[in-house]
Amino acid sequence: MQRIPYLLAAGLASAVTAHAAGLTEVRLTLLDAEAAGYATFQSHNQKVASSARGIFTTHLRSRNEAFTAQQWRLSRSVDGGAAFETVYESVDATNPPAIETDAAGNLYLVRSNFVDGSASLYRFPAGGGFDQPSVSRIPGGSAGKYSMNLDEARGRLYYFTWGRSLFVLGLDGAVLERQQLTVDGANAGPQYPLSFLDPSGVLHAAWTTLQHGVYMYWDIHYMASDDGARSWRRMDGTALQVPVPVDDTGPTDRITLDDEFEIHSWLSNLIVKDGKAHFVYAAQAESWRQHYVRYDLATAARDVDLYPTFEGEEIRLASLDGFFASRATLPEAPLYYVSRAGGRLGCLASDDNGGTWYDYAVSDESFNPYSIGGARELTADGAIVGTFTDYRTAEGRDLSQVHFFRIQGGLSRARLEIGSEPDRGESLRFHEVRGNPATVRFRTRSGDWGEWRAFEEVMQPDPGGPPAHFQLRSHLGVDSQVFPVEAGTAVGQGSASPEAFALGQNYPNPFNTWTTIAFSLPERAPCRLSILDLQGRRVRDLLARGDLPPGRHRVAWDGTGDAGGEAASGVYLYRLRSGSETRTRRLVLAK
């Protein structure tokens with residue numbers, strides 16, 4: 001079969017700068033031009049939520065050093081985040097409230113009160129203007145750091161504080177239970193609590209600890225409850241008796257590594273999806289470590305740990321904060337993570353539940369971003385939404401900007417080749433599709449669109465010749481923008497050689513027995529393809545020869561090393577070298 005590179009889809013953005021070619025647009029809305037430096041403090045709790053009634057955000061507008069009079073706002077957008085209005089504001093001794101919304105569109109906010117030691121739950125009914133809340137007091141609920149989760153099936157809220165307590169609240173504001181979850185350990189006490197309720201009703205709790213007498217984030221721990229916080233267990237099912245010592249002297253699962261005690265280690269975010277628990281944390285070692293960690297909840301095995309960098313092809317995320325977003329109830333929906341990429345806002349995506357990650361979005365603008373956080377769940381139309389504070393002054397305390405951002409989920413790029421076969425005629429073959437498309441349609445040169453068709457890797461073109469455009473629709477039901485046909489070689493003419501040196505993502509990935517690695521050479525050249533461990537040590541040379549002709553090549557790996565023994569399950573690198581060119585990607589062996 002002769003294949004001619006014919007079309008390379010542009011990104012979803014209509015005006016993407018060169019650094020973001022092929023990526024999804026980051027749309028920004030200035031939420032507040034004169035906010036406090038801590039406006040979106042606590043990236044680990046949810047301060048953005050969406051429902052049929054709009055997108056809602058909370059932030060801190062002004063603060064005083066005594067934390068006794070701080071103005072906070074609840075803002076609402078009814079146009080997908082293009083514009084916001086303030087619907088409620090108050091001045092209190094508090095941090096920005098955490099926020100949840102239910103299926104009916106009712107809104108729940110919780111905030112702390114540093115003066116009287118309580119907390120307050122605000123309930124905004126869906127039928128109102130979100131300016132007249134019912135407010136209930138939570139005695140003893142004051143906390144500098146906290147998180148909240150809505151358990152709609154059980155009709156309750158969980159309010160988890162750094163004061164070692166978990167409050168179970170009724171949707172009417174009543175305190176149903178106050179449970180002491182932790183006590184100080186020998187080395188550290190609790191500091192940053194984080195919780196997540198998965199679609200099956202399991203409540204997952206994690207936290208960062210603070211070393212006694214020293215400003216040092218000591219370690220990170222995890223436990224879970226299957227029954228609405230009545231009982232707790234380790235990841236492997238071992239029962240726990242609460243309160244538990246909060247640090248490494250206690251019985252809970254420790255997420256940080258053995259050599260990360262004497263350095264700051266901070267848990268950024270947690271999500272649970274399709275049987276896997278996903279964590280991102282930063283460890284400020286001599287050289288920065290940015291961890292993406294995945295646990296298999298069926299075996300309690302740490303099956304992926306990407307560090308010292310968490311990156312795609314070009315985007316490298318490095319920050320103390322950031323957040324996961326997905327469609328929790330939709331199996332195999334993409335998983336996204338948003339954080340700081342240099343001075344920009346960056347997003348990585350995974351289509352295999354964290355096994356591998358690729359570049360998805362990066363902002364055109366540069367910022368000094370602080371406390372990047374957002375909604376755990378994508379909006380109804382499939383967007384990732386969040387906020388961050390951009391420090392504008394040298395001190396980053398007095399005059400800062402708060403930005404809302406929106407990143408459309410679904411599909412970001414694809415490459416289409418048009419070829420011909422003697423027995424089949426023309427065919428369309430898709431490569432490097434980012435996302436999980438369910439359907440595709442093509443636009444003719446005359447401008448007419450065909451019908452949506454079930455997506456396949458190789459398809460026959462519509463009658464009338466090669467398409468002018470194509471459009472993919474993901475299984476999320478979110479349409480990508482139209483991908484135009486670029487200028488290319490006419491079908492059936494010219495050289496079939498690729499135009500660039502390229503290394504493709506292996507398939508399948510993760511794999512168990514065999515996986516295939518594809519790569520392209522623009523001209524005849526010597527090349528070497530190697531499997532490496534994460535420390536860069538060679539596991540297997542798949543290809544080491546004098547030279548290869550130009551064109552597309554495929555090499556298989558059966559998961560064995562050079563000596564013939566089976567490689568252990570885990571994450572590996574594969575590296576292609578040819579002359580002065582080098583490309584490296586990750587793959588996952590899962591036995």
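When the solvent-accessible area of the chain is split by element, carbon and sulfur atoms take up 47 percent of it, the probe being 1.4 Å. Phi angles across region 446-452 convert, under the Karplus curve 6.51 cos²θ - 1.76 cosθ + 1.60 with θ = phi - 60°, into 3J(HN,Hα) values of 7, x, 8, 8, x, 7, 5 Hz, Gly and Pro given as x. Each residue of region 126-131 was assigned a 3J(HN,Hα) from its phi angle through the Karplus curve 6.51 cos²θ - 1.76 cosθ + 1.60 (θ = phi - 60°); the sequence is 4, x, x, x, 6, 10 Hz, with glycine and proline shown as x.
Rounded, prolate or oblate: which fits the chain, taking a ≥ b ≥ c as square roots of the Cα gyration tensor eigenvalues, rounded meaning a/c under 1.5, else prolate when a/b beats b/c? Because a/c hits 1.5 or more and a/b exceeds b/c, the chain counts as prolate.
Amide H contacts of Leu176: Val168, Leu169, Gly170, each under 5 Å away and 5 or more positions distant or on a separate chain (H built 1.01 Å from N in the peptide plane; Pro and chain starts excluded). When you work out D = kT/(6 pi eta Rh) for region 52-161 at 10 °C and 1.306 mPa s, using the Kirkwood radius from C-alpha pairs as Rh and the Stokes-Einstein form, the result is 111 µm²/s. For region 276-366, which GluC sites (Glu not before Pro) pass both filters: DSSP loop (anything but H, G, I, E, B) and at most 10 other C-beta atoms within 10 Å? Taking region 276-366 and a limit of 10 other Cβ atoms within 10 Å, the loop GluC sites (Glu not before Pro) found are Glu286. Average accessible surface for the chain: 39 Å² per residue, computed with a 1.4 Å probe over protein heavy atoms with every protein chain in place. Potential lengthening of the chain between Asp227 and Phe67 amounts to 53.9 nm, from the contour at 0.36 nm per residue minus the alpha-carbon distance. Reported to the nearest whole Å, the Cα centre-to-centre distance from region 27-99 to region 115-192 is 18.
The values are calculated or read from the model by the stated rules, or taken from the named source; none is laboratory data. Not measured: the values here are computed from a predicted model. Neighbour counts are summed over all protein chains in view; Cβ atoms, including those assigned to glycine, are modelled from backbone coordinates with ideal geometry. Note: areas computed on protein heavy atoms with side chains; ligands, DNA, RNA excluded. Shrake-Rupley method; radii C 1.70, N 1.55, O 1.52, S 1.80 Å.
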